[in-house]
Amino acid sequence: MYCRGAAAVILTYDVTNWQSLAELEERFLSLTDTANHDCIYALVGNKADLTDPKAHRSQDLDGLSEDQTECEEERTEPQVLSTWPTPPASPTSLSGLLLHKQVARDDALALYGRILRYKGLDEKSSLPADKLCFETSAKTGYNVDILFETLFDLVLPSILRKRHENQASPTVDLEDCREVSGTRVKSSCC
Ligand SMILES: Nc1nc2c(ncn2[C@@H]2O[C@H](COP(=O)(O)OP(=O)(O)OP(=O)(O)O)[C@@H](O)[C@H]2O)c(=O)[nH]1
């Protein structure tokens, strides 16, 4: 119900929890079946502050662009996995220390490829996994602006195109009536 007509969907997992990535595919992906056919999918590993020193500190605008540059340099080619590899051992959490990262970026990139296949989309003509797989921290703000700005830039052209198409062939909203003294009156635009 929530995905009906969606232009973009953010699928979020927890980088410290292997199961959260597996469940995205097993339980939640089918919930996106009612999204638009041209819907954009972002795959987001949250809680990066718990595993990544770069994401650990709060973000200011300068830090954000610097970190994003580092992020892009580190990006690797997608690696398609046919089955889920064995999850790494549970995090050894100690207050103040970084946790063990359970979900590698390559695993997220591979899942992104499987999402495209599930949607019947061709990987070559779709937006690359690198552009739509993020690691964020809702706590420190790491990569959060970049995530939403990227999605906004990608979704805006399709929203504008649809608005333009609707203007070209306007439809009449039959529900657009006013109640006056118990009588239904057409709105002044009709
Ligand atoms: N360290 C850290 N904690 C986070 C982050 N995002 C959320 N949390 C914490 O994770 C817990 C779950 O956050 P929610 O916003 O409830 O997320 P949810 O997906 O509804 O989680 P569930 O209730 O487990 O389904 C809360 O204690 C949050 O404070 C993050 O980026 N970093």
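The values are calculated or read from the model by the stated rules, or taken from the named source; none is laboratory data. Model, not experiment: these values are computed from the prediction. Every residue, glycine as well, gets a Cβ built from its backbone with ideal geometry; the counts of neighbours run over all protein chains shown.
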Looking only at residues in the stretch 45-60 that are at pLDDT 90 or above and not in a helix (DSSP H, G or I), which one is surrounded by the most Cβ atoms within 10 Å (Cβ to Cβ)? 45
First in the stretch 30-47 and of a type in the set (Lys, Arg), second anywhere and within 16 Å of the ligand (Cβ to nearest atom), Cβ under 6 Å, 6 or more apart: 47/14; 47/15; 47/16
Of everything in the stretch 123-154 that's among the aliphatic types (A, V, I, L, M) and within 12 Å of the chain's Cα centre (by Cα), which residue is farthest from residue 16 (Cα to Cα)? 154
I need a count of the residues in the stretch 145-169 that are free of Cβ contacts under 8 Å to residues at least 60 places away in the same chain and either of a type outside the set (Gly, Ala, Ser) or touching a Phe, Trp or Tyr at 6+ places or on another chain (Cβ under 6 Å) (or both). 14
Give me the residue from the stretch 105-150 that is among the aliphatic types (A, V, I, L, M) and in a loop (DSSP other than H, G, I, E, B) and, out of that set, farthest from the ligand (Cβ to nearest atom). 121
Taking the stretch 108-131 only, how many residues are crowded, with 21+ Cβ neighbours inside 10 Å and under 22 Å from residue 53 (Cα atoms)? 2
Does residue 82 satisfy the condition of being at pLDDT below 90, within 17 Å of residue 137 (Cβ to Cβ) and away from the ligand (no atom under 16 Å from the Cβ)? no
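Residues checked against (1) away from the ligand (no atom under 12 Å from the Cβ); (2) touching a Gly at 6+ places or on another chain (Cβ under 6 Å); (3) hydroxyl-bearing (Ser, Thr, Tyr):
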residue	(1), (2), (3)
2	yes, no, yes
12	no, no, yes
23	no, no, no
26	yes, no, no
33	yes, no, no
55	no, no, no
